Amino acid sequence: MTNSFTDITPSLRRRHARETRFKWMGKIAIIIAVSFLLVMVGSIAWLGSGALKQTRVQLNVHLDAAQIDAAAVADANYGKLIKTALLDRFPEVTKRRDKKSLYGLVSYDAAYALHDRVVAEPGLIGQDLRMWFVASDDLDMLIKGNLETTGDENRRRFSDKQLGWINSLKEEGAIKSVFNVAFFTTGDSREPELAGVLGAFVGTAFTLLVCFCLSFPIGIMAAIYLEEFAKKNRWNDLIEVNINNLAAVPSIVFGLLGLAVFLNVFGLPRSSPLVGGMVLALMTLPTIIIAARAALRAVPPSIREAALGIGATQIQTVFHHVAPLALPGMLTGAIVGMARALGETAPLLMIGMVAFIVDIPGSVVQPATALPVQIFLWADSPERAFLEKTSAAIIVLIVFLILMNLVAILLRNKYSQRF
Amino acid sequence: MGNLPTAPFVSSNKTRRRLGEFVVYVLLITSALVAVAVTIGIVFSLAFEAYHFFQLISWQDFLFGTKWSPQTAIRSDQVGAEGSFGVLPLVVGTLLISAIAMAIATPLGLASAIYLAEYATPRARSIIKPMLEILAGIPTVVYGFFAALMIAPFIRMTGSSIGLEVASESALAAGIAMGIMIVPLISSLSDDVINSVPQSLRDASYGLGATQAETIRKVILPAALPGISGSLLLATSTAIGETMIVVMAAGMAANLSVNPLDAVTTVTVQIVSLLTGDQEFDSAKTLSAFALGIMLFCVTLVLNVIAQKIVKHFREQYD
Amino acid sequence: MDTKGKIQVSAKDVNVFYGDKQALQNITLDVKSNKVTSFIGPSGCGKTTFLKCINRMNDLIDICRVEGNILVAGQDIYDKSVDMVALRAHVGMVFQKPNPFPKSIFENVAYGMKIHNMTSSKSELADRVEDSLRRAALWDEVKDRLDQPGTGLSGGQQQRLCIARTIAVQPKVILMDEPASALDPIATAKIEELIHELKQNFTIIIVTHSMQQAARVSQQTAFFHLGNLVEFGKTTDIFTNPQDERTQNYITGRIG
């Protein structure tokens with residue numbers, strides 16, 4: 001047998017080829033995973049970017065003094081004024097069906113916006129007012145290029161006649177796109193053009209607040225007990241095994257617990273961030289305990305010895321010296337746990353945070369929804385415009401997630417070189 | 001003690017301090033016990049409601065029934081008022097989707113773990129690892145949305161172009177999204193496991209003239225196998241308990257089918273659909289969710305306990 | 001081909017760097033075939049680093065860089081055309097701590113032959129495993145339990161298993177990195193005896209920090225100090241009549 005190691009025999013060539021193939025398998029796996037991530041986030045970002053724009057229509061409204069009673073400005077029928085304004089702009093529209101579709105160009109909200117304006121400025125009554133109104137979701141989608149404008153008329157949202165009206169509005173500059181402030185400042189709505197994420201965002205913030213206030217103190221105290229005080233015996237082993245298993249219990253089971261115990265036994269308010277936060281706290285607890293224990297373990301024993309050596313009790317040692325040093329690590333773990341809780345949807349569905357809620361919640365016991373649940377609800381809605389809103393809400397959620405993780409990373413980097 | 005002087009290390013306020021410390025100590029123990037209380041709470045609350053369920057429906061009908069159509073009777077004399085609570089279609093659906101997910105996640109996760117642990121330069125690792133962590137951190141509701149919006153129509157289109165009948169909410173779509181979601185879980189656990197295989201084994205193999213691929217396939221993977229199988233079990237348990245992806249992409253149709261192109265439903269989907277909306281806590285329909293819940297809890301618990309035992313044993317071997 | 005007494009390994013002006021730090025300076029030496037050559041010196045002197053250059057195990061460390069020429073069987077092993085796999089089949093290695101694979105004893109010895117496709121049949125493979133275990137003086141102790149894990153053997157047996165695994169691939173050169181440092185004196189004696197036997201068929205280079213061991217097993221000795229090759233020659237000469245003051249200080253125990 002030759003053993004010359006410069007000679008590439010066929011067998012060696014085969015082995016090296018296999019090596020290359022094997023390495024490529026790993027590369028391809030990573031490429032698949034990463035490109036899935038990019039496609040998913042990319043397509044959602046692309047879909048959601050449309051929600052940042054809102055289409056508005058300008059109408060010339062005649063604030064007929066006969067229609068508005070100066071004594072009761074707020075009670076006038078502003079919807080009718082809007083309709084009249086539309087009919088004035090398109091006098092050729094006479095058929096009932098056509099009128100209806102003409103009215104559909106502007107949102108419901110137009111009447112309320114007009115109402116607010118007139119109530120604020122009663123002096124306008126009797127005059128003509130040029131004002132920009134929120135377009136309906138269909139018109140909004142059309143302007144953003146998401147609807148068909150050619151092909152079979154019966155299968156389109158807009159007939160050629162309607163497109164004609166819209167084009168004439170466009171030509172006179174009565175349609176424009178503006179930044180969609182409402183998306184970030186309002187709650188949910190049945191009308192996609194009016195729906196916003198603020199309600200869900202506030203609900204999420206309240207939920208996470210409750211979750212943090214419960215799980216952080218309990219989590220670090222449990223970690224301190226297990227790491228600093230617990231003796232090695234069967235009971236403490238049981239607690240440890242229990243915590244590890246709890247970390248892997250499906251989240252929906254925590255939801256069932258919340259429903260059966262917090263709602264049915266304790267009678268806490270359904271759909272409230274309080275209960276949502278409590279359920280998420282139980283779910284996050286194992287993560288926080290595990291991270292906090294790791295942080296405590298990272299504190300060198302010399303610090304404990306030093307404190308005990310000058311006569312501190314064990315509790316003083318832990319609370320004055322060990323825990324403060326471990327705090328950044330514990331906090332990092334807690335934020336990572338919170339970030340996971342932020343995306344949780346299933347347990348919140350169980351405790352009823354899935355209702356349609358327009359108002360922005362003002363406290364932790366008022367009914368609310370949460371960002372991921374809002375995404376779930378909108379994703380279920382048939383209107384094309386909700387697709388855009390869903391994607392935009394996902395972006396808001398992901399940005400929120402990234403910010404939390406960024407805080408955790410900064411915290412970790414800032415304090416990691418201490419020992 | 002009488003007239004003996006007090007020794008300087010006998011503190012007079014010892015009892016007071018002791019009391020304070022005792023309170024703190026009790027507080028600490030109580031916190032640790034909260035975790036135990038949660039487990040007990042889960043078991044009891046699920047078992048309690050499930051017990052009521054099994055008063056209405058026999059456990060044989062539940063476990064071995066092949067038809068799942070939980071209805072609440074509107075009139076008491078209505079035909080089929082009881083509904084059918086055969087869990088098999090849900091179990092088969094859950095297993096089907098989990099199997100698809102694992103079939104996708106296992107090769108991808110393992111191959112990326114091997115690449116990360118053995119081939120990637122530190123620089124490449126520092127880029128790829130965070131990417132996979134992002135993939136792991138994306139909420140499942142997003143995966144569900146993406147599966148329903150993109151993957152399902154794509155599969156349907158591809159299927160019909162080659163003449164296959166594909167349901168609009170196919171098990172395959174949900175399984176693919178879930179598979180990708182699990183990839184980072186498998187890859188990070190397996191990466192840890194592969195890294196804990198001692199360097200001396202690699203040296204021995206290279207010293208004999210093995211190529212890197214041969215070393216990985218014939219030395220490292222066999223040595224890491226227990227740890228890897230533990231991570232696969234954990235991943236399976238995650239797949240079985242996953243809710244949002246299947247709620248959004250798999251649908252409600254309780255078909256007893258193992259065809260990945262059919263619509264199936266899962267245990268978690270049914271729990272969600274049974275408990276959202278109005279509930280009466282005396283109807284078999286609502287209570288059945290808790291029977292499903294305790295089943296889910298037990299199955300995932302058993303998988304986790306086995307997985308953790310295996311991994312612990314593996315770590316002790318090389319520590 | 002009889003290579004007895006010929007030069008098997010030849011190093012010329014070898015410099016090794018770990019990042020910016022130079023670990024070895026201008027090492028030049030020739031190792032003769034079918035002899036035992038020992039590398040001695042205080043820890044951190046670079047003897048193991050140099051050993052690992054000879055089968056390019058240093059390539060596994062990213063920041064390690066080797067300059068100069070090392071010739072094995074007349075071929076520059078740092079040449080681009082050299083295949084690492086074939087080189088390491090030619091230059092085997094035994095490590096400081098016994099590192100059997102977590103496989104059966106049989107599989108441990110068969111591993112190298114299997115990856116190199118060295119046998120054509122199962123019975124040939126079994127014969128070669130037996131032969132290697134006999135030559136490693138382990139056969140009598142393990143012949144009844146070849147299917148049991150190699151990790152279940154005692155430390156000394158594990159190290160002999162690793163030697164059997166190495167010689168099964170039929171290398172010409174065997175590098176040993178302090179092969180007995182983790183073993184008790186009786187197991188060490190067995191390994192030393194084995195080294196003595198093996199030099200009939202192999203060129204052996206052994207790194208050791210035990211001067212007694214070097215004196216017992218080797219014919220040639222190289223003394224390394226702070227990354228330099230201080231002295232190289234016949235073992236008897238180095239120990240009885242060192243030329244360099246540093247060597248003298250080391251073997252008399254003044255530095256180390």
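The values are calculated or read from the model by the stated rules, or taken from the named source; none is laboratory data. Worth saying up front: this structure is predicted, and the values here are computed from it rather than measured. When we count neighbours, we look across all protein chains shown, and the Cβ atoms used for this are built from the backbone with ideal geometry, even at glycine.
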From the options A:Gly164, A:Gly187, A:Gly173, residue that is assigned by TED's automatic domain parsing to the domain that holds A:Ser136 and not in a helix (DSSP H, G or I): A:Gly173
Hey, B:Ser187 of a type in the set (S, T, N, Q) and touching a Gly at 6+ places or on another chain (Cβ under 9 Å) or not: yes
Segment C:112-169 - residue that is aliphatic (A, V, I, L, M) and part of a loop (DSSP other than H, G, I, E, B) and, of those, modelled with the lowest pLDDT: C:Met118
Search result, residues across segment A:221-253 that are within 7 Å of chain B (Cβ to nearest Cβ) and either over 37 Å from the mean Cα position of the chain (by Cα) or on the phi > 0 side of the Ramachandran plot (or both): A:Phe229
Residue, nearest to C:Val72 (Cα to Cα), within segment C:137-183, restricted to residues that are within 13 Å of chain B (Cβ to nearest Cβ) and basic (Lys, Arg): C:Lys172
Enumeration of residues in segment A:75-129 that are among the hydrophobic types (A, V, I, L, M, F, W, C) and exposed (fewer than 12 other Cβ atoms within 10 Å of the Cβ): A:Ala120
The lone exception for A:Gly311 - which of (1) on the phi < 0 side of the Ramachandran plot; (2) surrounded by fewer than 24 Cβ atoms within 10 Å (Cβ to Cβ) it fails: (1)
Complete set of residues in segment A:226-239 that are of a type outside the set (S, T, N, Q), within 15 Å of B:Thr30 (Cα to Cα) and surrounded by fewer than 17 Cβ atoms within 10 Å (Cβ to Cβ): A:Phe229, A:Trp235, A:Leu238
Which numbered condition B:Val166 misses (of (1) at pLDDT 95 or above; (2) surrounded by 17 or more Cβ atoms within 10 Å (Cβ to Cβ); (3) more than 7 Å from chain A (Cβ to nearest Cβ)): (1)
Qualifying helices (runs of 4 or more DSSP H) (wholly inside segment B:14-117; at least 2 residues being modelled with pLDDT of 90 or more and of a type in the set (Val, Ile, Thr)): B:14-56, B:88-114
Residue selected from segment B:175-205 under the condition touching a residue at least 24 places away in the same chain (Cβ under 8 Å) and farther than 30 Å from B:Val141 by Cα, by the criterion farthest from the other protein chains (Cβ to nearest Cβ): B:Asn195
Options A:Glu193, A:Glu148, A:Glu172: the member that is in contact with a Ser or Thr (Cβ under 6 Å, 6 or more places away or on another chain), under 30 Å from A:Arg97 (Cβ atoms) and modelled with pLDDT under 90: A:Glu193
Failed item in (1) in contact with a Ser or Thr (Cβ under 8 Å, 6 or more places away or on another chain); (2) over 24 Å from A:Leu371 (Cα atoms), with B:Ser200 passing the rest: (1)
The lone exception for A:Gly352 - which of (1) within 14 Å of A:Gly203 (Cα to Cα); (2) surrounded by fewer than 20 Cβ atoms within 10 Å (Cβ to Cβ); (3) more than 13 Å from the chain's Cα centre (by Cα); (4) within 14 Å of another protein chain (Cβ to nearest Cβ) it fails: (2)
Counted residues, segment A:8-23 - those being at the interface with another protein chain (Cβ under 7 Å from one of its Cβ atoms), within 46 Å of the chain's Cα centre (by Cα) and loosely packed, with under 14 Cβ neighbours inside 10 Å: 0
Tally, over segment A:74-115, of residues that are among the basic types (Lys, Arg) and assigned to a loop (DSSP other than H, G, I, E, B): 1
Unique match (being in the same structural domain as B:Leu95 (by TED's automatic domain parsing) and either closer than 30 Å to B:Val258 by Cα or in contact (Cβ under 8 Å) with a residue 24 or more places away in the chain (or both)) among B:Leu208, B:Leu149: B:Leu149
